[in-house]
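Taking it in order: structure first as structure tokens, then the write-up.
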Amino acid sequence: MQKFHSKSEQETENIAAEFAVSLKSGDVVALFGDLGAGKTAFTRGISAALGADTNIVSSPTFALLNEYDGDLKIHHFDLYRLENAPLCELDWLDEYLFGDGVTLIEWADYILPLLPENHIRVEIERLSEHEREIRISPNGHARNLRNAGSANPRDGLHNDRREYI
């Protein structure tokens, strides 16, 4: 497990961007943290590093899923509304959990038994109004984030976002 300390939303996005250079198609990133912890900011950082337009990255709470185009397709879930959903009714998630692109899941604890064994766990703990501790744990395969280098958002790509209700 790797730990990072963030003192601002921008630092959270930068940590996520550095992490994102290790992602490949088929990866599932499970995001854990309370309301306001920074899950969407982390998603914005990943999306920027993967070439998506970060102006359209927002929490898809009312849509469940937003998709962003970048160097890789990004599937961004917010499962907050599915807290009490029977897992047997969520088999439609398999298309994303075992498909192409990078899948980012806020409130992943609601579907923990459905996650692939090799998902990447990102826990964001709110330490104060602006400070966060971010813990990244690979489940099933190793990642070398220290040697990943830094990532800068890419400009000039045509991106598009789709929402699914």
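In the range 1-35, which residues are assigned to a loop (DSSP other than H, G, I, E, B), closer than 15 Å to residue 133 by Cβ and more than 13 Å from the chain's Cα centre (by Cα)?
Correct list: 1, 7, 8, 34.
Inside the range 86-165, counting only strands (runs of 3 or more DSSP E) that do not spill past its ends, which hold 3 or more residues that are modelled with pLDDT under 95 and either surrounded by fewer than 18 Cβ atoms within 10 Å (Cβ to Cβ) or more than 15 Å from the chain's Cα centre (by Cα) (or both)?
The strands (runs of 3 or more DSSP E) meeting that bar are 161-164.
With respect to residue 57, is the statement that it is under 15 Å from the mean Cα position of the chain (by Cα), under 21 Å from residue 137 (Cβ atoms), crowded, with 21+ Cβ neighbours inside 10 Å and not aromatic (Phe, Trp, Tyr) true?
No; evaluated as a whole, the condition is false for this residue.
Identify all residues within the range 20-53 that are among the β-branched types (Val, Ile, Thr) and under 15 Å from residue 105 (Cβ atoms); write none if there are none.
Correct list: 28, 29, 40, 43, 46.
Please determine whether any residue of the range 57-75 is in a strand (DSSP E or B) and without any contact (Cβ under 8 Å) to a residue 40 or more places away in the chain.
Yes, the range 57-75 contains at least one residue that is in a strand (DSSP E or B) and without any contact (Cβ under 8 Å) to a residue 40 or more places away in the chain.
Could you go through the range 36-50 and let me know if any residue there is under 21 Å from residue 19 (Cβ atoms), in a helix (DSSP H, G or I), of a type in the set (S, T, N, Q) and modelled with pLDDT under 90.
no
The values are calculated or read from the model by the stated rules, or taken from the named source; none is laboratory data. The structure displayed is predicted, hence computed values, not measured ones. Note that we place each Cβ from the backbone using ideal geometry, even for glycine, and neighbour counts take in every protein chain shown.
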